[in-house]
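The values are calculated or read from the model by the stated rules, or taken from the named source; none is laboratory data. Model, not experiment: these values are computed from the prediction. Here Cβ is always computed from backbone atoms with ideal geometry, including for glycine, and neighbour counts include all displayed protein chains. Note: areas computed on protein heavy atoms with side chains; ligands, DNA, RNA excluded. Shrake-Rupley method; radii C 1.70, N 1.55, O 1.52, S 1.80 Å.
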Amino acid sequence: MEKLIDEFEGDQRELIHILHEIQKKFGYIPAQAVSRISKQLKISESEIFGVLTFYKAFSLKPRGEHLITVCMGTACHVRGAPMILDEFKRKLGIESGETTEDNQFTLETVNCVGACALGPIAKADGEYHGQLKTREVDKIIKELMNKKRNSSK
Amino acid sequence: MEEFNTTELNKLREEISESRKKRKTCITICGGTGCHAYGCLKVAQAFRDEIEKQGLQDLVDVRTTGCHGFCERGPIVVIQPKGIFYQRIKLEDIKEVIAETIIGKKIVDRLLYIEPKTKEKIVYEKDVPFYKKQRRIIFGNNGFIDPTSIKDYIALDGYKALTKILFDMTSEEVIEEIIASGLRGRGGAGFLAGKKWEICRDVNSEKKYVICNADEGDPGAYMDRSLLEGNPHSVIEGMIIGAYAIGASEGYIYVRMEYPLAVQNVTHAIEQARKLGLLGKSILGSEFQFDIHVFRGAGAFVSGEETSLMASIEGRRAFPRQRPPFPAQEGLWGKPTNINNVETWANVPLIINKGAEWYSMIGTRGSKGTKIFSLVGKINNTGLVEVPMGMTLKEIINDIGGGVKDNKKFKAVQTGGPSGGCMPAEMLDLPIDYETLTKAGSMMGSGGMIVMDEDTCMVDVARYFLDFTQEESCGKCVPCRIGTRQLVEILTHITQGKGEEGDIEKLKDLAKTLNAGSLCQLGQTAPNPVLTTIRYFEDEYEAHIKDKSCPALVCKDLIIYHIEPEKCVGCLLCLKNCPVEAISGERKKVHIIDQDLCIKCGACLEVCPPKVMAVSKYTGKKKERILNKSSQKSE
């Protein structure tokens, strides 16, 4: 991580780039990263916290093994996205933005993925599941769990 | 490549078209995000494999192109030059398409689009009603261009406009041309683009910037993404022309991080343009120098506001600031900056190539050219449509969109995203232009057009939008931070049946404060969804507040699910699918929902066979009657 941060030179204008890179690599922004960036770019830690908590792209907590993102765009909303989200919340036992205790699943929402023809839509580990019905939610979760099992075999 | 100049660009263009003459047939596969989600990449690969297997690679081209727009029917395959239109292509169809259409020159009937009204099968893309009424001057090339190939763009007269302005036009002439064309900003407010350039040009400064705002945050709008993904060079060329006119040497494209493919394609396109000497020092051998960086947003709706966007590029929180000074005077790092959105930039090369006079013939008196809308929601033909300004909403929704899905009744159309409003059926004859939409209480916005049917609750829609703006409010100014929160709370109460007499007045009053007191447009326009739904659908508000009923049967707290005893056949389907075991019953006996356990997830309604349709939703007095009946029974 230090290496990654030290590669950047310059000032505040690099901050969001660095945060993107760390988020991509580690899945979250560890606290040590913040103090390292602070030294590298010569800006205060509080300023960095301000920026990283402002944007949705960055998270201070690690995400779960699997990421489920439910689209809450307008087109999806009128086609029943809130019901889909509720079902995910219920099945996983978490609120959106949270991670299950076993660290398996993180549930998030997104303002719009721009695939409105397929609404309501959710992304599970990057794969799109369109024209979703509430009863399909369980299947998606099980598929993700199986994927884990298969790959660990 | 060094010293790449106009002659060489022209030579290259000729070479490309010459080399393509040999391979006359081209299978184009839509590679937009919608089709990606349908699995178009596998389809494209399968086509390539099959072509190779059959040894046809010298005769047939396979090209993954930009978005074709008709997302409803993806994955879309169009076989050029004839434009044979196949839709919803699956992997198992590919062998047949190659054998029948490519080799046998015959049409595969079952893959054609069937016009729902006439049941007629349509062979060619241009004859599909979805495309017929469109005028695709900006978006049309998407279907021919592989966005990763600069050659495809050059072959279609790409960078010709750039040559023209660099060697035949002064910066004043470019600006005059853009002003004369009447092009207005496509990002929402609709400021005259040429005028904006002129203001920035007239500011004295050694360093100036141009920015492309691709932070397309309105939910339900994705035309900018499709342009940037599908034809990135048209945006880049527009920016170079703008930079030349203004005297800027550096540019930024600010892209939403939620659009990974757009980031990838535009970054690649910039590298290609650099390699050819279309970006960088001494562009096409001229004295002009200009380069573009791509900046990935980090997920904040407010960064679409121009001053916030600049703060974000500077590595800070995306807080808006007071204007003036306007970006044209003091923008990025305090330097004069011109910001336009993706679609605006993409219009520029076209205006230069075809002339302001040609361009200004399209559209209405005040709004020139075309506008791309993303037509989504409860509509038959979801997709991106480009129409001349002045077309009526009705034409777009009925003729192009094929009307409301599942033969439901139309209720409203929402334009302008969270800043816009909902318009009822009576307004469908409105022609699309900046002024009429604003007068109706909505706005053009970036171009989302969400169709809502009788099953949509307008109070819930207003709550949805305010929930959105409240969540996205940056918190800098009080009216927006606290005002949006209050609006959401009142609206949520109403949808929960806790609304009180006087709530509507409170909403209106708050709306006024937000509009007058907020720092940026996010807060100023946030009340529009509330105001327009009150203006056109006040009866729905009244029903929620006075009768505690939701006429559209949406608001969970105001409805119940009920199994009609006379219809239920006792098939156990709903019982098995109920996630909370709220349904009791036996095979061939009527099932009953326990209202205390029911979480109103709708699973029972979803699985009840269409022939039976025994599950209904009730609200208001009917709901009370059913609840009373069941409580009497249990006593």
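As a summary of the residue check, A:Arg135 satisfies the conditions (1) within 10 Å of another protein chain (Cβ to nearest Cβ); (2) surrounded by 19 or more Cβ atoms within 10 Å (Cβ to Cβ) except for the one numbered (2).
The single condition among (1) modelled with pLDDT of 95 or more; (2) open to solvent by 40 Å² or more (accessible area, probe 1.4 Å); (3) away from chain A (no Cβ under 14 Å) that B:Gly369 does not satisfy is (2).
Going through region B:309-331 one residue at a time, which ones are more than 8 Å from chain A (Cβ to nearest Cβ) and either under 20 Å from B:Leu228 (Cβ atoms) or assigned to a strand (DSSP E or B) (or both)? Of everything in region B:309-331, those that are more than 8 Å from chain A (Cβ to nearest Cβ) and either under 20 Å from B:Leu228 (Cβ atoms) or assigned to a strand (DSSP E or B) (or both) turn out to be B:Leu309, B:Met310.
Residues that are over 16 Å from B:Ala511 (Cβ atoms) and in a loop (DSSP other than H, G, I, E, B) were ranked within region B:457-477; the one that is most open to solvent (accessible area, probe 1.4 Å) is B:Lys476. Filtering region B:152-161 to residues that are open to solvent by 10 Å² or more (accessible area, probe 1.4 Å) and on the phi < 0 side of the Ramachandran plot leaves B:Tyr153, B:Ala155, B:Leu156, B:Lys160. Filter region A:61-79 down to the residues that are more than 8 Å from chain B (Cβ to nearest Cβ) and β-branched (Val, Ile, Thr), then identify the one that is surrounded by the fewest Cβ atoms within 10 Å (Cβ to Cβ). Among residues in region A:61-79 that are more than 8 Å from chain B (Cβ to nearest Cβ) and β-branched (Val, Ile, Thr), the one surrounded by the fewest Cβ atoms within 10 Å (Cβ to Cβ) is A:Thr69. On inspection, A:Ile141 does not qualify as open to solvent by less than 50 Å² (accessible area, probe 1.4 Å), over 21 Å from B:Glu258 (Cα atoms) and not in a helix (DSSP H, G or I). Note on region B:225-255: residues that are within 12 Å of another protein chain (Cβ to nearest Cβ) and open to solvent by 10 Å² or more (accessible area, probe 1.4 Å) amount to 1.
Restricting B:Lys623, B:Lys633, B:Lys576 to those that are away from chain A (no Cβ under 14 Å), open to solvent by 20 Å² or more (accessible area, probe 1.4 Å), in a helix (DSSP H, G or I) and closer than 25 Å to A:Ile84 by Cα reduces the list to B:Lys623. Consider region B:162-190 and keep the residues that are part of a loop (DSSP other than H, G, I, E, B) and of a type in the set (A, V, I, L, M). The one that is surrounded by the fewest Cβ atoms within 10 Å (Cβ to Cβ) is B:Ala189.
So that you can scan it fast, the table gives a plain yes or no per residue for (1) assigned to a loop (DSSP other than H, G, I, E, B); (2) at pLDDT 95 or above; (3) within 14 Å of another protein chain (Cβ to nearest Cβ); (4) surrounded by fewer than 24 Cβ atoms within 10 Å (Cβ to Cβ):
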position	(1), (2), (3), (4)
B:Val387	no, yes, no, yes
B:Gly390	yes, yes, no, yes
B:Ile396	no, yes, no, yes
B:Pro418	no, no, yes, no
B:Thr436	no, no, no, yes
B:Gly441	yes, no, no, yes
B:Gly445	yes, no, yes, no
B:Val451	no, yes, yes, no
B:Asp455	yes, yes, yes, yes
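Scanning region B:206-224 for residues that are of a type outside the set (A, V, I, L, M, F, W, C) and open to solvent by less than 40 Å² (accessible area, probe 1.4 Å) returns B:Lys208, B:Tyr209, B:Asn213, B:Asp215, B:Glu216, B:Gly217, B:Asp218, B:Pro219, B:Gly220, B:Tyr222, B:Asp224.
Looking across region B:256-303, the residues that are open to solvent by less than 10 Å² (accessible area, probe 1.4 Å), within 14 Å of another protein chain (Cβ to nearest Cβ) and of a type in the set (Phe, Trp, Tyr) come down to B:Tyr259, B:Phe295. Total residues in region B:34-51 satisfying the condition of being buried (at least 17 other Cβ atoms within 10 Å of the Cβ), in contact with a Gly (Cβ under 8 Å, 6 or more places away or on another chain) and within 14 Å of chain A (Cβ to nearest Cβ): the figure is 5.
Scanning region B:111-122 for residues that are out of contact with any helix residue (DSSP H, G or I) (no Cβ under 7 Å at 6 or more places or on another chain) and surrounded by 16 or more Cβ atoms within 10 Å (Cβ to Cβ) returns B:Leu112, B:Ile122. Exactly one residue out of B:Leu430, B:Leu375 is under 26 Å from B:Leu192 (Cα atoms) and within 13 Å of chain A (Cβ to nearest Cβ), and it is B:Leu375.
A quick yes/no check of all residues on (1) without any contact (Cβ under 8 Å) to a residue 24 or more places away in the chain; (2) touching a strand residue (DSSP E or B) at 6+ places or on another chain (Cβ under 7 Å); (3) not in a helix (DSSP H, G or I):
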position: A:Arg36; (1), (2), (3): no, no, no
position: A:Lys39; (1), (2), (3): yes, no, no
position: A:Ile43; (1), (2), (3): no, no, yes
position: A:Leu52; (1), (2), (3): no, no, no
position: A:Lys56; (1), (2), (3): yes, no, yes
position: A:Leu60; (1), (2), (3): no, no, yes
position: A:Thr69; (1), (2), (3): no, yes, yes
position: A:Ala75; (1), (2), (3): no, yes, no
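Of the numbered criteria (1) more than 9 Å from every other protein chain (Cβ to nearest Cβ); (2) open to solvent by 20 Å² or more (accessible area, probe 1.4 Å); (3) under 14 Å from the mean Cα position of the chain (by Cα), the one A:Asp102 fails is (3). Criterion applied to A:Lys42, A:Lys25 was being out of contact with any helix residue (DSSP H, G or I) (no Cβ under 7 Å at 6 or more places or on another chain), open to solvent by 50 Å² or more (accessible area, probe 1.4 Å), at pLDDT below 95 and not assigned by TED's automatic domain parsing to the domain that holds A:Leu144, and the one residue passing it is A:Lys42.
In region B:601-635, which residues are under 23 Å from B:Val569 (Cβ atoms) and touching a strand residue (DSSP E or B) at 6+ places or on another chain (Cβ under 6 Å)? Within region B:601-635, B:Cys604, B:Leu605, B:Cys608, B:Ala614, B:Val615, B:Ser616, B:Lys617, B:Tyr618, B:Ile626 qualify.
Every listed requirement among (1) under 36 Å from the mean Cα position of the chain (by Cα); (2) in a helix (DSSP H, G or I) is met by B:Pro609 save one, (2). Applying the criterion of being aliphatic (A, V, I, L, M) and surrounded by fewer than 20 Cβ atoms within 10 Å (Cβ to Cβ) to the residues of region B:191-205, the residue that is farthest from the chain's Cα centre (by Cα) is B:Val203.
Within region B:141-150, restricting attention to residues that are touching a Gly at 6+ places or on another chain (Cβ under 9 Å) and not acidic (Asp, Glu), the residue that is surrounded by the most Cβ atoms within 10 Å (Cβ to Cβ) is B:Pro147.
Beta carbons closer than 7 Å, at least 6 apart along the sequence or on distinct chains, pair a first residue in region A:9-20 that is more than 7 Å from chain B (Cβ to nearest Cβ) and over 9 Å from A:Val51 (Cβ atoms) with a second that is at pLDDT below 90 and crowded, with 17+ Cβ neighbours inside 10 Å for A:Ile18/A:Ile5. Within region A:80-98, the only residue that satisfies the criterion of being within 8 Å of another protein chain (Cβ to nearest Cβ) and among the small types (Gly, Ala, Ser) is A:Gly80.
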